[in-house]
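The values are calculated or read from the model by the stated rules, or taken from the named source; none is laboratory data. Just so you know, these numbers come straight off a predicted model, no measurement behind them. Reconstructed Cβ throughout: ideal geometry from the backbone, glycine too, with neighbour counts over all protein chains shown. Just the protein is used for accessible areas: all its heavy atoms, side chains included, with ligands, DNA and RNA removed. Shrake-Rupley method; radii C 1.70, N 1.55, O 1.52, S 1.80 Å.
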Amino acid sequence: MEYGPAPEDADRARQWISEQGATFGHWINGAWIDASHHFESVNPATQETLAMIGQASSSDVDAAVAAARQALGPWQALGGEGRARHLYALARQVQKHARILSVIETLDNGKPIRETRDIDILLVARHFYHHAGWATLVDEELPNSEPLGVIGQIIPWNFPLLMLAWKVAPALAAGNTVVLKPAEHTSLSALYFAQMSHDAGLPPGVLNIVSGDGNAGRELVEHSGINKVAFTGSTSVGREIREATAGSGKALTLELGGKSPFIVFADADLDSAVEGVVDAIWFNQGQVCCAGSRLLVQESVADDFLGRLKTRMQSLRLGDPLDKAIDMGAIVDRGQLETIRSYVEGAAKEGASCWQAGSGVPDQGWYFPPTLVTDVAPAHTIATEEVFGPVLAVMTFRTHSEAIEIANNTRYGLAASVWSENVNLALEMASKVKAGVIWVNCTNEFDAAVGFGGYRESGFGREGGIEGLWAYRRGSLDFQPDENPPADPALPQRPAEGNLLDRTAKLYIGGRQVRPDSGYSRPVAGMDRSLKGEVGEGNRKDIRNAVEAAHGAAGWGRGSAHGRAQVMYFLAENLESRADELAKRIKELTGTDGEQEVTVAISRLLYYAGWCDKFEGVTHSAPGGRIVFALPEPIGVMGLICPHSHPLLGLVSLMAPAIAVGNAVVVIPSENAPLVATDFYQVLETSDVLAGVVNIITGSRPELAKELARHDNVDGLWCAGHHEIATEVERLSSGNLKQTWVFSGERDWCDANLSQGRAFLRRATQVKNIWVPYGE
Ligand code: NAD
């Protein structure tokens with residue numbers, strides 16, 4: 001039986017556009033501000049011009065940031081409950097305006113009305129409701145933190161209003177004000193939302209919208225009046241933003257691209273898995289950051305599964321997105337359509353086979369049919385690059401370890417979907433696949449209470465849940481790096497050459513003392529400027545060896561937390577047995593109270609030893625019979641640039657939380673007193689710390705910090721240093737988008753309120769959310 005047309009009525013949406021003269025300015029301080037330049041917003045399904053959209057200039061961005069700054073005080077003065085009332089009102093408004101919002105979104109983006117109506121807008125309302133609650137709870141639940149200030153937010157075009165909600169709701173709940181720039185292809189729903197919020201009583205200046213292309217985005221990112229950039233978009237632009245904000249003191253979260261695996265085991269419910277694939281790659285025409293764009297299917301069922309999938313593809317209906325019976329709408333614009341085409345043509349040239357369902361493609365508008373690409377090798381472009389379209393690359397595997405290897409063979413790590421009726425196997429896969437979200441026997445599940453975000457080049461930070469709220473607060477431990485570098489360490493008066501023999505401390509790599517690759521050493525002076533010894537001059541090769549050794553110690557993170565706790569207690573005990581010797585060394589090199597420093601370092605080790613088996617995850621009950629395990633996982637291999645002062649306590653304060661949760665670390669100790677660190681590795685050697693978990697490289701802190709920052713196998717980097725090093729660390733970290741935390745080393749490291757706590761553990765982990773459905 002043929003489907004008849006079932007179009008949604010678009011008259012009210014079109015009427016709203018024409019009431020604005022089909023020309024939009026920017027929404028600043030609760031009013032429309034004319035734009036001096038405009039560009040077209042086009043309906044991708046018909047290629048008609050819907051409206052002219054303002055291109056923000058630097059003065060428009062200035063005005064928006066100024067309005068947000070002015071609104072900040074009064075917004076915060078409302079208190080949690082006052083802000084909650086506004087967020088609740090926004091949720092209600094979204095529900096009341098759901099129909100027109102869905103239609104505007106479909107007209108502007110080309111996505112099926114069924115999706116905007118039944119998914120996007122419902123999730124938008126849910127997000128505002130959920131965060132209304134957080135507004136009242138944030139001060140109680142996120143103690144010792146405060147709002148960041150004015151937030152600059154930049155969003156993509158694939159879920160225009162949903163991405164706005166994911167950004168705006170937590171930022172406002174946490175007590176910030178916002179300047180948001182929607183994507184140039186899809187500004188209309190954000191502009192409607194701004195006006196709607198105002199009509200619902202949101203105070204002027206709390207939410208400002210400036211529209212425009214990447215240039216407007218750049219103006220916002222670089223504006224000195226904002227305190228944070230929250231970005232969702234492509235990895236390449238994310239990288240550019242990481243570099244542009246380096247050293248600015250602006251907080252940053254990046255939600256970037258992906259190439260997510262969809263893994264089907266032979267024992268899966270194959271028909272359900274076929275429906276899963278349809279949702280994973282053909283929902284929103286595949287223009288989804290977490291799209292399951294790599295199908296990994298177990299060899300023994302591959303033919304059967306692909307046969308079923310092709311049959312299902314034949315019934316997918318492509319056409320007018322306003323038609324309620326349509327499965328796939330239009331691609332957002334001509335450029336994106338060309339990109340998708342060129343990926344598919346490129347796949348064929350690389351030797352893959354492409355198959356498209358025979359269902360008709362409309363003559364008018366920008367459409368691309370659902371496409372299956374087989375005969376794909378893991379190195380093919382179609383298997384490695386994000387296509388951002390309805391194109392599925394298929395590969396097969398034999399064993400579950402091969403599946404893990406292929407799944408993790410990507411620079412991204414946003415999501416994965418695992419299909420098996422064997423719960424043990426599915427959860428084993430969930431623990432081994434490196435991605436921020438894992439869906440077991442389901443896909444594309446989202447909820448405001450559950451964090452969303454990636455590993456590796458899929459970005460850092462989470463949106464949703466308590467993790468997402470933290471991303472909009474400043475903790476009391478987040479001191480900005482100091483402006484000026486501390487004075488160079490005093491150079492010693494060198495005694496006669498002969499006395500130097502055998503006084504050079506080696507580097508510590510992979511559990512062994514090794515000579516530096518350079519063959520050089522540097523003198524270390526005492527307070528009396530006499531030579532106290534020499535340490536190795538580490539270089540890039542030493543860093544490479546240390547990072548490799550740290551990767552070799554991955555068993556530390558996979559092992560039991562109880563085991564890690566025992567080792568850390570033992571470490572504290574062994575440090576205590578050498579307390580006098582280390583205290584003397586500290587006093588001789590820094591002139592400070594070495595005894596106190598060693599005593600606090602021992603307490604700090606005991607403190608984090610206690611945390612090892614207690615820093616755990618939570619479970620969420622998501623709608624629709626899903627349980628979600630939100631588990632903190634170690635970041636991986638971390639670089640630690642220790643503070644200048646407190647050569648033992650500074651090192652222990654960074655190392656202990658990082659290894660307590662399972663990371664392996666490469667430590668660059670204080671340049672002032674590196675002999676304390678080399679004495680400390682003798683304690684490590686006797687404490688059963690797995691070889692490679694802690695590596696210590698002495699030498700020039702700024703140079704070694706740069707090597708760590710540009711190393712693509714370092715996953716996270718903490719830098720307790722001055723502004724110059726911090727800037728370089730942030731800038732150079734853009735290569736693999738490693739997570740960085742730069743902060744002042746000039747704090748009282750003995751004061752537990754300033755120098756230890758959960759915040760360190762939170763920064764040493766990333767949350768993986770594993771969705772598991774239950775019920776028959
Ligand atoms: P894009 O990076 O080209 O653009 C995203 C936004 O950034 C737009 O608003 C754009 O105007 C702006 N922009 C462009 N250049 C800029 C610059 N130099 N400085 C500041 N802003 C700039 O991405 P897109 O094509 O709009 O969206 C698709 C990408 O977004 C995909 O890679 C997709 O995976 C990603 N995405 C990620 C998530 C997530 O949560 N991880 C969600 C949706 C989309």
Exercise for review: State all residues of the stretch 345-364 that are buried (at least 22 other Cβ atoms within 10 Å of the Cβ) and within 30 Å of Y3 (Cα to Cα); if no residue qualifies, say none.
Suggested key: none
Revision key, fill the gap. Exactly one of G536, G591, G555 is under 26 Å from R512 (Cα atoms), in contact (Cβ under 8 Å) with a residue 60 or more places away in the chain and open to solvent by 10 Å² or more (accessible area, probe 1.4 Å), and that one is G555
Practice item. Taking A132 as the residue in question, decide whether it is in a helix (DSSP H, G or I) and within 28 Å of the chain's Cα centre (by Cα). Key: yes
Review point. Scanning the stretch 189-210 for residues that are among the hydrophobic types (A, V, I, L, M, F, W, C) and in a loop (DSSP other than H, G, I, E, B), which turns out nearest to the ligand (Cβ to nearest atom)?
Key: V210
Review point. So, in the stretch 211-225, of the ones that are near the ligand (Cβ under 6 Å from one of its atoms) and in a helix (DSSP H, G or I), which residue ends up surrounded by the most Cβ atoms within 10 Å (Cβ to Cβ)?
Key: G217
Review point. Among (1) out of contact with any Lys or Arg (no Cβ under 9 Å at 6 or more places or on another chain); (2) in a helix (DSSP H, G or I); (3) within 16 Å of the ligand (Cβ to nearest atom), where does M313 come up short?
Key: (3)
Practice item. Could you grab me the full set of residues in the stretch 365-377 that are part of a strand (DSSP E or B) and open to solvent by 60 Å² or more (accessible area, probe 1.4 Å)? Key: none
Point to revise | the stretch 231-253, residues that are open to solvent by less than 30 Å² (accessible area, probe 1.4 Å) and either near the ligand (Cβ under 8 Å from one of its atoms) or of a type in the set (S, T, Y) (or both) | key: F231, T232, G233, T235, G238, I241, T245, T253
Practice item. Answer yes if at least one residue in the stretch 123-138 is of a type in the set (S, T, N, Q), in contact with a Phe, Trp or Tyr (Cβ under 9 Å, 6 or more places away or on another chain) and within 18 Å of A448 (Cβ to Cβ), and no otherwise. Key: no
Revision key, fill the gap. Here the qualifying pairs (Cβ atoms under 7 Å; residues six or more apart or on different chains; first in the stretch 266-288 and away from the ligand (no atom under 16 Å from the Cβ); second part of a helix (DSSP H, G or I) and open to solvent by 40 Å² or more (accessible area, probe 1.4 Å)) come out as A266/S300; L270/D304; L270/R308; D271/R308; V274/R308; V274/R312; V278/R312
Exercise for review: Answer yes or no: is there a residue in the stretch 280-302 that is under 28 Å from N408 (Cβ atoms), of a type in the set (F, W, Y), in a loop (DSSP other than H, G, I, E, B) and open to solvent by less than 10 Å² (accessible area, probe 1.4 Å).
Suggested key: no
Revision key, fill the gap. By residue number, the members of the stretch 508-530 that are open to solvent by 50 Å² or more (accessible area, probe 1.4 Å), outside any loop (DSSP other than H, G, I, E, B) and in contact with a Lys or Arg (Cβ under 8 Å, 6 or more places away or on another chain) are Q513
Check your understanding: If you check every pair at least six apart or on different chains, which have Cβ atoms under 8 Å apart with a residue in the stretch 232-253 that is closer than 17 Å to W166 by Cβ and modelled with pLDDT of 95 or more first and a residue that is open to solvent by 50 Å² or more (accessible area, probe 1.4 Å) and more than 10 Å from the ligand (Cβ to nearest atom) second?
Key -> A251/R474
Review point. Listed residues I382, I404; which is in contact with a helix residue (DSSP H, G or I) (Cβ under 6 Å, 6 or more places away or on another chain), part of a helix (DSSP H, G or I), closer than 15 Å to V344 by Cβ and not basic (K, R)?
Key: I382
Check your understanding: Is it fair to say L318 is touching a Ser or Thr at 6+ places or on another chain (Cβ under 7 Å) and over 20 Å from F388 (Cα atoms)?
Key -> no
Review point. Would you call L148 away from the ligand (no atom under 16 Å from the Cβ), within 14 Å of S189 (Cβ to Cβ) and either among the aliphatic types (A, V, I, L, M) or open to solvent by 10 Å² or more (accessible area, probe 1.4 Å) (or both)?
Key: no
Review point. Can you find even one residue in the stretch 227-244 that is touching a strand residue (DSSP E or B) at 6+ places or on another chain (Cβ under 7 Å), more than 22 Å from A709 (Cβ to Cβ) and assigned to a strand (DSSP E or B)?
Key: yes
Check your understanding: Which fully enclosed strands (runs of 3 or more DSSP E) of the stretch 675-773 have 2 or more residues being open to solvent by less than 40 Å² (accessible area, probe 1.4 Å) and within 23 Å of I509 (Cα to Cα)?
Key -> 694-696, 716-720
Review point. Q76: assigned to a loop (DSSP other than H, G, I, E, B), open to solvent by 60 Å² or more (accessible area, probe 1.4 Å) and in contact (Cβ under 8 Å) with a residue 60 or more places away in the chain, yes or no?
Key: no
Practice item. Determine whether L640 is crowded, with 24+ Cβ neighbours inside 10 Å, touching a residue at least 24 places away in the same chain (Cβ under 8 Å) and not in a helix (DSSP H, G or I). Key: yes
Practice item. Answer with yes or no whether K228 is open to solvent by less than 20 Å² (accessible area, probe 1.4 Å), within 12 Å of the ligand (Cβ to nearest atom), farther than 19 Å from S458 by Cβ and at pLDDT 95 or above. Key: no
Exercise for review: Check the stretch 104-117 and report whether any residue there is in contact (Cβ under 8 Å) with a residue 12 or more places away in the chain, crowded, with 22+ Cβ neighbours inside 10 Å and within 22 Å of the chain's Cα centre (by Cα).
Suggested key: no
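Table: residues versus (1) at pLDDT 95 or above; (2) within 24 Å of W771 (Cα to Cα); (3) away from the ligand (no atom under 16 Å from the Cβ).
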residue	(1), (2), (3)
H380	yes, no, yes
F388	yes, yes, no
T399	yes, yes, yes
N408	yes, yes, yes
Y412	yes, yes, no
E421	yes, yes, yes
Point to revise | Qualifying position, being of a type in the set (A, V, I, L, M) and open to solvent by less than 20 Å² (accessible area, probe 1.4 Å), among A68, A31 | key: A68
Check your understanding: crowded, with 24+ Cβ neighbours inside 10 Å and away from the ligand (no atom under 16 Å from the Cβ) - does that describe any residue in the stretch 177-188?
Key -> yes
Point to revise | Residues being among the acidic types (D, E), assigned to a helix (DSSP H, G or I) and open to solvent by less than 80 Å² (accessible area, probe 1.4 Å) - total across the stretch 2-17 | key: 0
**Study point:** Pairs where the first residue, in the stretch 16-41, is closer than 18 Å to S57 by Cα and the second is assigned to a strand (DSSP E or B) and open to solvent by 70 Å² or more (accessible area, probe 1.4 Å), C-beta under 6 Å, 6+ apart
**Key:** G25/W32
